[in-house]
1. Report the Cα centroid-to-centroid distance between the stretch 212-233 and the stretch 237-310 in angstrom, as an integer.
2. With n ≥ 4 as the cut-off for DSSP H runs, can you work out [θ] at 222 nm for the chain, using -39500 (n - 2.57) per run divided by the number of residues, rounded to the nearest 500?
3. Grab the Cα-Cα distance for residue 7 and residue 242, subtract it from 0.36 nm times how many residues apart they are, and report the gain in nm with one decimal.
4. Sort the following peptides by mean Cβ neighbour count (other Cβ atoms within 10 Å, averaged over residues), highest first: 278-289, 252-263, 221-232.
5. I'd like to know how the stretch 263-313 sits against the 2.2 N^0.38 Å rule of thumb: what's its Cα Rg over that expected value?
6. Once the Cα gyration tensor of the chain is found, what semi-axes does its equivalent ellipsoid get, as square roots of 5 times the eigenvalues, in whole Å, sorted largest first?
7. With a Förster radius of 25 Å, plug the Cβ-Cβ distance of residue 143 and residue 249 into 1/(1 + (r/R0)^6) and report the FRET value to the nearest 0.05.
8. Please report the antiparallel percentage of DSSP beta bridges with both residues in the stretch 20-152, rounded to the nearest 5.
């Protein structure tokens, strides 16, 4: 008898992503870098996990009823994931997003049936570099819209389901797939849900695992360092604000990466490992490689490949290099 691998919906294909050993990028280094391929989730990012968890938790609590509208404040990936989940479950979905995000995100959202409300960037804002000031404008608009429509605001930045999804799935999967042989976990921090969820799970299995937060070199606010500028390329991460879900007790240290390091590494992931991912995944691997170059022999480092590179084709990430 063949095992039945048929999914009743696309939602059943979320998670259980593979871990890839980055053998070519880390050849001859004392440490080994592994990356969990979250870009292989069905909508192309790790946010599928939290979108499903947020919606199902809201259904179970009664906060979300049949016929309701869902509103989210998003930089793109969570909105795309929620659009997918809402399409399957039959909810109308509205994504409130900064006009500074790449245009592919709006196109994908609309293709999935979402309504997209673009909020203009603050005066002087640069396309492709969404700042905390831009996010404040988006949040104000999104909360006002949800109130006007009496809609369910999924609120990824403040919703504990964001953390719970990664405790229950991603962190557990990493531990099992790595057979518990993990020395360091590192990740760029955005809402903090992925970092806190995975770190919590891993430290529950083995408190000696080092969990390191990665920040843009121009805005290392979690590390308590000066903010040079809140503008950077690591979309969906540090807005030069400490996320409400952040808990420093799960963090053992801080690393930074520059836009240039993230771009170069994302390009090398594509041309040397055949992995097409975005800026933030490039930043994660750039930080992991810098660590691997000086780590003790045999150190095993795991990080996250957050999303695929298809939604960055209009940016400078994959232009001739």
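1. Rounded to whole Å, the Cα centres lie 13 Å apart.
2. Working: 9 runs with 111 residues, N = 321.
Only helices count here, giving -11000 deg cm²/dmol.
3. 80.7 nm
4. 278-289, 252-263, 221-232
5. The value comes to 1.17.
6. Working: eigenvalues 171, 109, 71 Å².
Semi-axes from the Cα gyration tensor: 29, 23, 19 Å.
7. It comes out at approximately 0.30.
8. 20 percent
Laboratory data are not the source of any read-out in this text; all were calculated from the coordinates shown. Bear in mind the structure is a predicted one, so any value in this text is a computation, not a measurement. Glycine gets a Cβ as well: all are built from the backbone with ideal geometry, and neighbour counts include every protein chain shown.
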